[in-house]
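The values are calculated or read from the model by the stated rules, or taken from the named source; none is laboratory data. Keep in mind it's a predicted model, so treat the numbers as computed, not measured. Using ideal geometry, Cβ is built from the backbone for each residue, glycine included, and neighbour counts are taken over all protein chains shown. Note: accessible area is taken over every heavy atom of the protein model, side chains too, but ligands, DNA and RNA are not part of it. Shrake-Rupley method; radii C 1.70, N 1.55, O 1.52, S 1.80 Å.
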Amino acid sequence: MDLVKKEARYKRIYSQLSDLLKKSDDSLAHKATISAVLFNKMDYFFWCGFYRVETDYLVVENYQGSVACQLLQNNKGVCWAAVIQNKTIIVPNVETFPNHIACDSRSKSEIVVPLRNSSGIITAVLDVDSKYLNSFDEVDAEYLEMIVELIKKDN
Ligand code: SME
């Protein structure tokens, strides 16, 4: 998708989600709604959903797409890299990412965006996979970071 079209689509999605998420104050309802809207509106999103941070692993929460790994072992893969490096990670080609965890071998590129509580601690990540190489760029990072900020914190 070209950048102008992508940005326009994200603007519409952001506006729609801003309205939808006012209907509850519940972070799980927010995550479920975000997964559904993104998966259905962004045609290159092959899988999207959330993993919650626990001490020794990440555990899957709401998602859309094919069946995912339920637990991600500590210090391995793209999701953990986002937690450890405390930033959004874009992987243009998952095969070149050391220790990438392939829940579905059809995933070719990936972006992972951290969610922080009101103290700035990462509590979860938003993970999006694409069946195409090089699907994600700074526009995805900017808007997905804005979208996760809509999620109710600390509940
Ligand atoms: N690829 C991720 C694992 C989660 S799935 O993509 C749904 C990772 O390397 O952490």
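Name the residue, out of S119, S135, S24, whose mean-square fluctuation peaks in a Gaussian network model built on the chain with Cα pairs under 10 Å.
Residue with maximal mean-square fluctuation among S119, S135, S24: S119.
May I ask you to list the aspartates and glutamates whose Cα is less than 12 Å away from that of K6, ignoring any residue fewer than eight positions away on the same chain?
Correct list for K6: D43, D137, E138, D140, E142.
Which of the cysteines in the chain are isolated, no other cysteine C-beta under 4.7 Å?
Lone cysteines by the Cβ rule: C48, C79.
For V94, what is the net charge nearby, where nearby means another residue's Cβ is under 10 Å from its Cβ and Lys, Arg count +1, Asp, Glu -1?
Working: positive: K108; negative: E95, E110, D129.
Net charge in that neighbourhood comes out at -2.
Computed on alpha carbon atoms, what radius of gyration and Dmax characterise the chain, expressed in Å?
Just the Cα atoms of the chain yield Rg and Dmax of 14.3, 41 Å.
Return one whole number: the accessible area per residue of the chain in Å², for a 1.4 Å probe. Show your work: numbers first, answer last.
Details: 7900 Å² over 155 residues.
For the chain, the solvent-accessible area averages 51 Å² per residue.
Between their Cα atoms, which of K11/K87; K22/K131; K5/K76; K11/K31 are more than 24 Å away from each other? Before the final figure, lay out the partial values.
Numbers: K11/K87 22 Å; K22/K131 32 Å; K5/K76 34 Å; K11/K31 18 Å.
Beyond 24 Å between Cα atoms: K22/K131; K5/K76.
Only Cα pairs under 8 Å and at least 6 apart count here; give the relative contact order of the chain as a rounded whole percent.
Values: 277 pairs, mean separation 37.4, N = 155.
Here the relative contact order equals 24 percent.
Under a plain spin-label model, where a point goes 7 Å from the Cα along Cα-to-Cβ, how far apart in nm are D43 and V139?
A separation of 1.4 nm, rounded to one decimal place.
Around W47, with a cut-off of 15 angstrom between Cβ atoms, what is the net charge of the other residues, counting Lys and Arg +1 and Asp and Glu -1?
Values: positive: K31, K41, R106, K108, K131; negative: D43, E61, D104, E110, D127, D129, D140.
Net charge in that neighbourhood comes out at -2.
Taking R0 as 22 Å, what FRET efficiency do you get between K22 and E61 from their Cβ-Cβ distance, rounded to the nearest 0.05?
Details: r = 21 Å, r/R0 = 0.95.
Efficiency, from the Cβ-Cβ distance: 0.60.
Could you check the simple spin-label distance between K152 and V4, using points 7 Å along Cα→Cβ, in nm with one decimal?
4.0
Want the number for E54 to S105: 0.36 nm per residue separation, take away the alpha-carbon distance, what's left? Before the final figure, lay out each step's value.
Working: separation 51, 0.36 × 51 = 18.36 nm, distance 2.54 nm.
So the extension gain works out to 15.8 nm.
What does the charge count near L71 come to, summing +1 for each Lys or Arg and -1 for each Asp or Glu among other residues with Cβ under 10 Å from its Cβ?
Numbers: positive: none; negative: E54, D56.
That sum, taken over residues with Cβ under 10 Å, equals -2.
So how exposed is E95, as accessible area in Å² (1.4 Å probe, rounded to 10)?
150
Residue by residue through segment 48-58, which ³J(HN,Hα) values in whole Hz follow from phi under the Karplus form 6.51 cos²θ - 1.76 cosθ + 1.60 (θ = phi - 60°), with glycine and proline marked x?
The phi angles translate into 8, x, 10, 10, 8, 7, 10, 4, 9, 7, 9 Hz.
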